[in-house]
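First the structure, in the form of structure tokens, and then the observations on it.
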Amino acid sequence: MIAACAAPWWWMARRLVWLVPCAAVLCGLPGPVYAQRSAPLPSGQMAIVLSADDWPPYIGANLPNNGILSRVVSAAFARSGVTVRYRFMPNNRSLQSARNGMVDGSLGWAPSPDRLQDLLYTKPVLSARMVFFQQRSHVVSWKQLAELSGMRIGITIGNYYSDEFDRLVRQGVLHTDGAADDLSNFRKLLARRIDLFPIEEEVGLFLLGRHFSRAETAKLQHSQPFWLAPLHVVIWKKHPHGAELIDRFNRGLLAIQRSGELARLVQETRQACLRSAQPAAEPE
């Protein structure tokens, strides 16, 4: 995800069934899974499973409608006769399971050269405003990413932060310090173990409001956006119905955009997610 809501694990007759290659089974190894239609679904209907990780308010097992992005994705697929179920797992596993064909696909990912090797991308669904959170007492001013050389930048392992960011890291201009999840990076930022933490603006504010005290949140602020990241649905590249699923989704997305349903769903779900967020308890 750039990123990243109890997780149901469905294996039902009226969905795509995953068949593990015999050789992998005999060897006891987890081989790639090949999607086959277990039985024809009525009227051209399809049912798929998308992997997802907690990335509130866009995606979350405990969010209303599984979050803003999940609701929009379900609605767009539904317009084209596809039922979606979400399987929630940690950030790296979520993306990797889609790349390995363990699920039909995933959602909320920006394209990168590496990901394009294994995944088909739909049209962008929403855009993510990527910003840097930092200490209010140590504000870093910048106009170009290269000006952040020398700063300790916390990143969440498995996330992608733009082509330019990646290039500057490879060139040794930007210096990063990885963590397993976004909350860990916020804790490191508050402890001054890093100087900057890049994250989607709304996700960062949501996590701070839910998991940190007001006093802690007041110590931080965020920068202007450094990247408007496109958020896509991705489908396993070797999926036998991959091209059809991409086409169905794109047609459904266009339909809800033109009807105004997309804007309504985003607004309704955002408000519902904000109401569901409970601030962290204040220390006594």
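Here are the numbers:
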quantity: Residues of the range 193-222 classified as in contact with a Lys or Arg (Cβ under 9 Å, 6 or more places away or on another chain), not in a helix (DSSP H, G or I) and not aliphatic (A, V, I, L, M), total; calculated: 7
quantity: Residue in the range 188-203 that is over 24 Å from PRO56 (Cα atoms) and open to solvent by less than 10 Å² (accessible area, probe 1.4 Å) present; calculated: no
quantity: Restricting the range 142-173 to residues that are among the hydrophobic types (A, V, I, L, M, F, W, C) and in contact with an Asp or Glu (Cβ under 9 Å, 6 or more places away or on another chain), the residue that is modelled with the lowest pLDDT; calculated: ILE157
quantity: Residue within the range 229-243 that is assigned to a strand (DSSP E or B), of a type in the set (Gly, Ala, Ser) and within 20 Å of the chain's Cα centre (by Cα) present; calculated: yes
quantity: Flag for SER213 being surrounded by fewer than 17 Cβ atoms within 10 Å (Cβ to Cβ), of a type outside the set (Asp, Glu) and in contact with a Pro (Cβ under 8 Å, 6 or more places away or on another chain); calculated: yes
quantity: Among the candidates ARG275, ARG270, residue that is surrounded by fewer than 16 Cβ atoms within 10 Å (Cβ to Cβ) and either modelled with pLDDT of 95 or more or of a type outside the set (Phe, Trp, Tyr) (or both); calculated: ARG275
quantity: Scope the range 242-258; condition open to solvent by less than 70 Å² (accessible area, probe 1.4 Å) and either touching a helix residue (DSSP H, G or I) at 6+ places or on another chain (Cβ under 9 Å) or at pLDDT below 95 (or both); matching residues; calculated: LEU245, ARG248, PHE249, ASN250, GLY252, LEU253, ALA255, ILE256
quantity: The range 165-187 - residue that is of a type in the set (Val, Ile, Thr) and not in a helix (DSSP H, G or I) and, of those, surrounded by the most Cβ atoms within 10 Å (Cβ to Cβ); calculated: THR176
quantity: Output for the range 148-177, where each listed residue is touching a strand residue (DSSP E or B) at 6+ places or on another chain (Cβ under 8 Å) and among the basic types (Lys, Arg); calculated: ARG152
quantity: Residues located in the range 113-123, provided they are surrounded by fewer than 16 Cβ atoms within 10 Å (Cβ to Cβ) and not in a helix (DSSP H, G or I); calculated: PRO113, ASP114, LYS123
quantity: Residue count, the range 129-141 (criterion: modelled with pLDDT under 95 and either surrounded by 14 or more Cβ atoms within 10 Å (Cβ to Cβ) or at positive phi (or both)); calculated: 1
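The values are calculated or read from the model by the stated rules, or taken from the named source; none is laboratory data. The structure presented is a predicted model; accordingly, all values stated were derived computationally and were not measured. Every residue, glycine as well, gets a Cβ built from its backbone with ideal geometry; the counts of neighbours run over all protein chains shown. Ligands, DNA and RNA are stripped out before the accessible areas are found, and what is left, the full protein with its side chains, is counted by its heavy atoms. Shrake-Rupley method; radii C 1.70, N 1.55, O 1.52, S 1.80 Å.
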